[in-house]
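Some notes on the structure that comes next.
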Amino acid sequence: MRHTFFILYVLLVISQCQQTAPKPAPVQVSSTGNQSPKIVYVNVDTLIENYDLYKERKAQLEAEGKKAEQNIGGKIQAFQKKIEAFQRKVMETQQRAQDIAPVELKKLESAFAQEQQKLAAEEASLAKQKDEAGLALEKKLGDLQKDLKTKVDDYLERISAERGYDYVLIKSSAGGGVLYGNKGLDITQEAIVTINEEHKKSK
């Protein structure tokens, strides 16, 4: 619904990647101690922002959120008009109460009480619909988070095994294992190309 929510979501994905960045089994170093570990790093901010799966699903969820917001918003506006009409009706009745027969006035009071109960039930229903829409969107965001994390982790694990990387470090604006890194060790662009190709083939 709001872009801020997606920013917070991306930060959550980044933090989870930092916690569980896959590392292959340590390579046995010879007794001479001359073998250095192979280390590379990934800029997760750039990776996520350029991941086609993320961009597609983000646009889809934003559209769904906007549609749900408009739907609920329309119902709330209609409900507010009902409230205003009810209040006018009650006020008009109060203003001419002296001219209304007691029996008729009692009927009107009973009708107003019933209408008030219906409006209260409708208000509760709208609040429930709004909450359910928010929870449904949160669940979809959670599912997307898991899907992104799984695919990124799988890729990093595969590339580590293929290239013999001992460590894949994380660089991000939210903090990570890399404050500064040699550009020659940055595999972010390669990762973006590969995961987007895999995503395209999976469609």
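The values are calculated or read from the model by the stated rules, or taken from the named source; none is laboratory data. Model, not experiment: these values are computed from the prediction. Reconstructed Cβ throughout: ideal geometry from the backbone, glycine too, with neighbour counts over all protein chains shown.
Which one of the conditions (1) under 30 Å from T188 (Cβ atoms); (2) assigned to a helix (DSSP H, G or I) does Q117 fail to meet, given that it meets all the rest? Failed condition: (1).
Taken over segment 155-184, the criterion of being among the hydrophobic types (A, V, I, L, M, F, W, C) and touching a Phe, Trp or Tyr at 6+ places or on another chain (Cβ under 6 Å) is satisfied by L169, V178. What's the number of the condition S125 fails, among (1) within 26 Å of A78 (Cα to Cα); (2) among the hydroxyl-bearing types (S, T, Y); (3) in contact with a strand residue (DSSP E or B) (Cβ under 8 Å, 6 or more places away or on another chain)? It fails just one condition, (3).
The number of residues in segment 181-203 being polar (S, T, N, Q), modelled with pLDDT under 90 and in a helix (DSSP H, G or I) comes to 1.
Taking first residues from segment 37-66 that are within 26 Å of D186 (Cα to Cα) and partners that are hydrophobic (A, V, I, L, M, F, W, C) and in a loop (DSSP other than H, G, I, E, B), the Cβ contacts under 7 Å between residues at least 6 apart in sequence or on separate chains come to V40/I187; Y41/V178; V42/I187.
Could you tell me whether any residue of segment 41-54 is in contact with a Gly (Cβ under 6 Å, 6 or more places away or on another chain), surrounded by 13 or more Cβ atoms within 10 Å (Cβ to Cβ) and of a type outside the set (V, I, T)? Yes, the conditions are met somewhere in segment 41-54. Residues of segment 122-138 include none that is surrounded by fewer than 12 Cβ atoms within 10 Å (Cβ to Cβ), under 28 Å from S202 (Cα atoms) and hydrophobic (A, V, I, L, M, F, W, C).
Filtering segment 156-173 to residues that are surrounded by fewer than 19 Cβ atoms within 10 Å (Cβ to Cβ) and either closer than 30 Å to K67 by Cα or of a type in the set (F, W, Y) (or both) leaves only Y167. Among the residues examined, K89 qualifies as at pLDDT below 95 and of a type in the set (K, R).
The set of residues in segment 41-64 that are modelled with pLDDT under 95 and not in a helix (DSSP H, G or I) comprises Y41, V42, N43. When we screen V178, V152 for residues that are touching a residue at least 40 places away in the same chain (Cβ under 8 Å), surrounded by 12 or more Cβ atoms within 10 Å (Cβ to Cβ) and not in a helix (DSSP H, G or I), the only hit is V178. For segment 91-108, the condition holds for at least one residue, the condition being that it is in contact with a helix residue (DSSP H, G or I) (Cβ under 8 Å, 6 or more places away or on another chain) and not in a helix (DSSP H, G or I).
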